[in-house]
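The block underneath contains the structure these notes are about, expressed in C-alpha cells.
The values are calculated or read from the model by the stated rules, or taken from the named source; none is laboratory data. None of these values were measured; they are calculated from a predicted model. Don't worry about glycine lacking a Cβ; one is built from the backbone with ideal geometry, like all the others, and counts go over all protein chains shown. We work out accessible area using only protein heavy atoms, side chains counted, and drop any ligands, DNA or RNA first. Shrake-Rupley method; radii C 1.70, N 1.55, O 1.52, S 1.80 Å.
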There are 2 protein chains.
Amino acid sequence: MPSGHVPVSARPPEPPLWTLPGGLRVAFERRATPGFAFDLRLPVGSAHDPVGLEGAAGVLEEWLFKGAASRDGTRRDARALQGAFDDLGVRRGGGVGPEATRFSVSGLGADLGAALHLVADVLLRPELPDAELPTLTDLARQDLEGLDDSPTDRLAVEARRAAFPRPHASPFAGFTHPASGTPEGLEALTPAALRAHLSRYGQAGGVLGLVADLDPQAALDAVQEALGELRSGQDDLVPAQFRPGITAHVDDPDAEQTHLSLTAPGVAPAGPHWLTWQLILTALSGGSASRLFHAVREERGLAYAVGASPVLLGGQGFLSVYAGSTPARAPETLEVIGAELARLQRGLTDAEFRRARTGLETGVVFGAESLRGRAGSLTRDVAVFGRVRSLAELRSGLAALTLEGVNDFLAAYEPAAHASIVTLGPVTLGPVTLGPVTLEPGAPALPAPLEAAHA
Amino acid sequence: MPSGHVPVSARPPEPPLWTLPGGLRVAFERRATPGFAFDLRLPVGSAHDPVGLEGAAGVLEEWLFKGAASRDGTRRDARALQGAFDDLGVRRGGGVGPEATRFSVSGLGADLGAALHLVADVLLRPELPDAELPTLTDLARQDLEGLDDSPTDRLAVEARRAAFPRPHASPFAGFTHPASGTPEGLEALTPAALRAHLSRYGQAGGVLGLVADLDPQAALDAVQEALGELRSGQDDLVPAQFRPGITAHVDDPDAEQTHLSLTAPGVAPAGPHWLTWQLILTALSGGSASRLFHAVREERGLAYAVGASPVLLGGQGFLSVYAGSTPARAPETLEVIGAELARLQRGLTDAEFRRARTGLETGVVFGAESLRGRAGSLTRDVAVFGRVRSLAELRSGLAALTLEGVNDFLAAYEPAAHASIVTLGPVTLGPVTLGPVTLEPGAPALPAPLEAAHA
C-alpha cells in the first residue's frame with residue numbers, strides 16, 4: 001500500500017492480525033509509548049440474555065470481579081482481586097453492551113503481562129461467591145430505578161425496544177431491555193444459571209486489540225500465554241429486526257421536556273456504502289454548520305440538543321436521531337427533523353460534501369491518537385469489518401469519495417419514509433407529518449411486550 | 001531538571017511560557033504530530049455574571065458565534081462563520097464554566113493559523129445581531145427546564161448554591177446559578193448589557209495552551225498575529241466563601257432515587273499539600289479497591305454510583321462526594337460516607353499509599369497523551385498553578401511523597417466535621433450522624449436565596 005502521501009509524522013506499520021489456536025483474534029499495533037492499552041471484546045452482550053433471565057450478562061460481569069484465583073491456584077476475594085488491579089495502577093474500562101462484553105485495561109508497559117493475566121483469571125478462575133449475588137442483583141435493580149430519573153436514558157431504552165422487537169422464536173432476549181435487565185429477569189437469576197451462561201464467554205468470535213511498545217512476536221506471546229487457554233465459548237449473532245413506521249409515546253407526566261427519538265434504516269458496515277453514509281451523517285449532524293443543528297437549533301431554537309448518530313446492531317447500521325424539546329415545540333421539532341431527512345434525497349452541495357470529508361479526515365487523525373482509543377478501534381474494526389482498517393486505507397477511502405457518488409446514493413435513501421419514532425414527555429403528540437409520511441399519534445404508553453403500540 | 005530517570009520514549013522539551021505584550025500568557029509544547037490543539041481560557045465565567053443578569057456569560061458565548069467579520073472586514077453571518085470553522089475540519093470545544101470561558105479548537109497542523117484567526121474574529125469582530133438574542137435566551141430557558149429532568153445535574157447546581165452562597169456586597173452573581181442563568185436573569189438580559197459584558201473578555205488573566213509541530217518562535221508568531229490585538233479585558237477573582245455545616249433537602253416527589261451531595265474543605269492548588277491531597281482522593285475514590293467504592297457499593301450495595309472528586313473554586317480546593325441511592329438506604333449511605341471521611345484521620349495503609357501513587361503515576365502518562373488533553377492541561381496549569389508543571393516534575397513530585405507525610409497531613413484533616421450536605425429525592429432524611437457531627441434534617445426545599453435553609 002502506498003504511504004508517501006500520508007502526512008503522518010510517525011505512521012505505524014500495518015497492524016498484524018493473528019488468530020490464536022483457540023480462535024481468539026488478536027490485532028496489534030506497535031507504538032513508541034510508555035504505556036499499553038488492550039480491549040478484549042467477547043461477543044456476549046445483553047441481547048444474548050436468555051429469555052426470562054434479562055440482566056444475566058450485566059450481573060455476571062459484576063460477579064466475575066468478586067474474586068478470582070491466580071494461575072498458580074492462589075485464591076483472591078473481591079477486595080484482593082481489585083487490589084491486584086489497582087496495585088498495577090491500571091485503568092479498567094469496558095462493560096456490557098447489547099452485543100458484546102468488553103474488558104479494557106490500560107497502564108504502564110511493564111505491567112501488560114500482569115494485566116492480561118488478571119483478565120484471564122477473571123474469565124477462567126472466578127470465585128463466583130453465591131453470597132454476593134443478592135447485592136449485585138440489587139444494584140442492578142437500583143440502576144433500573146435510576147432510569148426513571150433520567151428521561152434521555154429511559155427514552156434510549158424504549159426507542160430500541162420499539163424499533164427492535166424480539167422475534168418470538170428466538171431464545172435470546174434481544175434488544176428490548178437495558179444491560180441491567182428487567183425486574184422479573186433479575187428475580188429469576190440463579191447462581192447455576194449464571195455459571196452456565198459463563199460458558200458462552202470464550203475465544204469464538206472474540207477479539208483483542210492491543211497497543212504497546214513491543215516486538216510483535218513478544219506481544220503475541222504475552223497474549224497467548226495469558227489467554228491461550230480461554231475456553232471456546234459461543235459466537236451467536238442476535239439478528240436485529242427493525243420495525244419501521246412505529247410511533248409510540250412514553251408518558252412521563254412529571255417531565256418538563258419532551259424527548260424525541262427517531263430510528264431509521266442506515267447502511268451495513270460490511271457493504272460498499274459505509275464511508276458514503278458516514279459522510280452523509282457528518283453533513284447531517286457533524287458540526288455547527290450541519291443541517292440538523294442549523295435547522296432545529298440555530299435557525300428555529302426548537303431544541304437545546306439535537307443530533308444524529310449511527311447505531312450498529314445485528315451487523316446492520318441504523319440512523320438514530322435524538323432531540324430534547326419542549327412539549328409545545330415537539331411537533332414542529334419532529335417535522336423539521338423529518339423534512340431534513342427527506343431533503344437528503346436531493347443531495348448535498350459541493351461545500352457540504354467537502355466540509356464533511358474534511359471533518360472525517362481530521363477525525364481519522366485524532367481517533368488514532370490515544371492508546372485506549374486505538375486499542376478500541378483495532379477491536380471494533382475486527383469485530384465489525386473482519387479486519388483492521390489502516391489509517392492510510394481510511395484516508396484513501398475518504399479521498400476516493402465524490403459528490404456524485406454520494407448524491408447517487410442519496411437519491412435512493414429515504415430514511416424518513418421508514419422511520420420509527422418514540423417520544424417521552426408529559427403529553428402525547430398529535431399526528432406527525434414526516435416528509436412524505438403522516439404518522440398517527442402513538443399509544444399513551446409503551447406496553448411490554450410492545451407489539452400493541454403499532455401505529 | 002534531570003530527565004534520565006523518566007522512561008518516556010519521546011519526552012517533549014520543557015514547555016515555554018510566554019506573555020504577549022497585551023498580557024495573554026501562552027504555553028506551548030512542540031510535538032511530532034499531524035494535528036494541533038489549542039485551549040484559550042479567559043477568566044470570565046458564570047460567576048462573573050452581574051447580579052440580576054444571571055446567564056450573561058452563557059448567552060454571550062452563544063451570541064459571539066452568531067456571525068463575525070474577518071480581519072479584512074468581510075462580514076459573515078452565523079452560517080458563514082460556522083461554515084468557516086467546519087471548512088477547516090476542526091473540532092470546537094470549550095464553553096462557559098463557573099470561573100472562565102474556554103475556546104478550544106483542534107485540527108490538522110496546516111489550519112492552525114486560520115483557526116486562531118477565527119477565534120480572534122469571534123472575540124474581536126462579532127456581529128452580535130439583536131434579532132438572535134430571543135432565540136438564545138429561549139434556548140437557555142430550555143436548558144434550565146431540562147435540569148428538572150436530570151436530578152444529578154440539578155443536585156450539582158443546588159449543592160454549589162448551598163455551599164457557596166453569594167456574599168451580599170459582591171457585584172458578581174457568584175456560584176449560585178448554572179451557566180444557563182436563572183429565568184429572571186435571562187429576562188433582564190439586553191443587547192446593551194451583553195455588549196458591555198464583552199469588554200471583560202480579553203488578555204488580562206487569559207491563557208492559551210497550544211500543542212503543535214512547530215518551531216516555538218513560529219508558534220508564538222502565529223498566536224501574536226491572531227490574538228495580539230485582543231483587548232485588555234478584566235481579571236477578577238470571585239471568592240468562594242464555603243459555608244460548612246449545612247444540610248438541605250430538595251424535594252422531588254417524582255424521583256425514584258435519592259441523590260446525595262457532600263461538599264467539604266480540601267486543599268488549595270497553590271499550597272504545599274496539593275499532590276498529597278490528590279493521593280488521598282485517589283485512595284478514597286480512585287479505583288475499584290478505593291475506600292468509598294468498596295464500603296458503599298461493593299460491601300453494602302447501598303448505591304449504584306458513588307465517588308469523590310476535587311472541585312476548584314476561587315483559588316481553593318474542595319472535596320465533593322456524590323452518591324445515587326434509594327430513599328430507604330440514603331441515611332445509611334450518608335453515614336457510611338461520613339464514617340469513611342472520618343476514618344481518613346487515622347491514615348492510609350502502606351498498600352493504599354503505594355496503590356494510589358501508582359494510579360496517579362499512570363494518570364500522568366495517559367493524561368499527557370492526547371493533543372486536546374495536553375493543550376487543556378497546559379492552560380489549566382498556568383491558570384491554576386501560574387506555570388506549566390512538566391511531566392518530569394509531576395513524576396518526581398509523586399516519587400517524593402511518603403506514607404508518613406500523607407498520614408501527618410491526614411491527622412489534621414477532618415472533612416466530615418466541616419461538610420455541607422444537600423439531598424434530592426422524594427423524602428427528607430432524618431438527622432444524619434456524620435463522623436463526630438450530627439446534622440439536623442434539612443428544610444423541605446431550598447428557597448432562593450438559600451439563607452433560610454441553615455441547619
Item checked: Enclosed volume per residue, in Å³, of the convex hull spanned by Cα atoms of the stretch B:268-344 -> 87 Å³
Note to self: For B:Gly94, what residues show an amide H to amide H distance below 5 Å, using hydrogens built from the backbone and excluding near sequence neighbours?
What the structure shows: B:Ser104
Margin query: Ordered shortest first, which distances in nm separate the 7 Å Cα→C-beta label point of A:Arg71 from those of the other copies?
Written below: 6.1
Next item on the list: Enter the mean number of other protein chain beta carbons within 10 Å of the beta carbon of each residue in B:299-307, as an integer.
Entry: 4
Next item on the list: For the stretch B:148-167 and the stretch B:368-410, compute the distance between their C-alpha centroids and round to whole Å.
Entry: 29 Å
Check: Over the stretch B:247-453, what lengths in whole Å, largest first, do the semi-axes of the equivalent ellipsoid take, defined as the square roots of 5 times the eigenvalues of the alpha-carbon gyration tensor?
Finding: 32, 19, 16
Check: What does the convex hull of the alpha-carbon atoms of the stretch B:368-432 project to on average, in nm²?
Finding: 8.5 nm²
Notebook entry, point to check: Which distance in nm do the two modelled labels at B:Phe385 and A:Asp148 give, with both placed 7 Å along the Cα-to-Cβ direction?
Noted result: 4.7 nm
Notebook entry, point to check: With a sphere of radius 15 Å drawn around the Cβ of B:Arg346, what net charge do the other residues whose Cβ falls strictly inside it have (Lys, Arg +1; Asp, Glu -1)?
Noted result: -4
Check: For the stretch A:8-227, what value does the Rg/Rh ratio take when both radii are computed over Cα atoms and Rh is the Kirkwood radius, given to two decimals?
Finding: 1.00
Check: Are there residues in the stretch B:340-365 whose accessible area shrinks by at least 20 Å² when all protein chains are included rather than the chain by itself, and which are they (probe 1.4 Å, ligands and nucleic acids not counted)?
Finding: B:Arg355, B:Thr358, B:Thr362, B:Val365
Note to self: How large is the Kirkwood hydrodynamic radius of the protein assembly as shown, counting all unique pairs of alpha carbons, in Å?
What the structure shows: 29.1 Å
Note to self: Under 8 Å for C-alpha pairs, at least 6 residues apart: give me the relative contact order for the stretch A:247-453, rounded to a whole percent.
What the structure shows: 38 percent
Next item on the list: Just tell me how shielded A:74-87 is by partners: mean number of partner chain Cβ atoms within 10 Å of each residue's Cβ, no decimals.
Entry: 4
Item checked: Using alpha carbons only: equivalent-ellipsoid semi-axes of the stretch A:12-65, gyration tensor based, whole Å -> 32, 15, 9
Margin query: Can you work out which chain B residue has the shortest Cβ-to-axis distance for the rotation that carries B onto A, and give it in Å?
Written below: B:Asp254, 2
Checklist line | At 7 Å out from Cα toward Cβ: A:Phe385 inter-copy label distances (nm, ascending) | finding: 3.9
Checklist line | chain A - percent relative contact order, Cα under 8 Å, separation 6 or more | finding: 21 percent
Next item on the list: Please work out the C-alpha center-to-center distance from the stretch A:234-272 to the stretch B:170-233 and express it in whole Å.
Entry: 41 Å
Next item on the list: Give the dimensionless ratio obtained when the Cα radius of gyration of the stretch B:165-282 is divided by 2.2 N^0.38 Å.
Entry: 1.55
Margin query: Going 7 Å from Cα along the Cα-Cβ axis for the label, what nanometre distances separate A:Glu404 from the same residue across the other copies?
Written below: 7.9
Next item on the list: Quick one: divide the alpha-carbon radius of gyration of the stretch A:103-244 by 2.2 N^0.38 Å and tell me what you get.
Entry: 1.30
Notebook entry, point to check: From the Cα gyration tensor of chain B, with a ≥ b ≥ c the square roots of its eigenvalues, which class applies: rounded if a/c is under 1.5, or else prolate if a/b is larger than b/c, or else oblate?
Noted result: oblate
Item checked: Probe 1.4 Å - accessible area at A:Tyr322, Å² to nearest ten -> 70 Å²
Check: Looking at the square roots a ≥ b ≥ c of the eigenvalues of the Cα gyration tensor of the stretch B:123-168, which shape do they give, rounded for a/c under 1.5, prolate if a/b is larger than b/c, or oblate?
Finding: oblate
Margin query: Before I look further, what does the stretch B:8-227 give for accessible area per residue, probe 1.4 Å, in whole square angstrom?
Written below: 35 Å²
Notebook entry, point to check: What trypsin sites (Lys or Arg not before Pro) in the stretch B:42-144 are in a loop by DSSP, with at most 16 other Cβ atoms within 10 Å of the Cβ?
Noted result: B:Arg71, B:Arg75
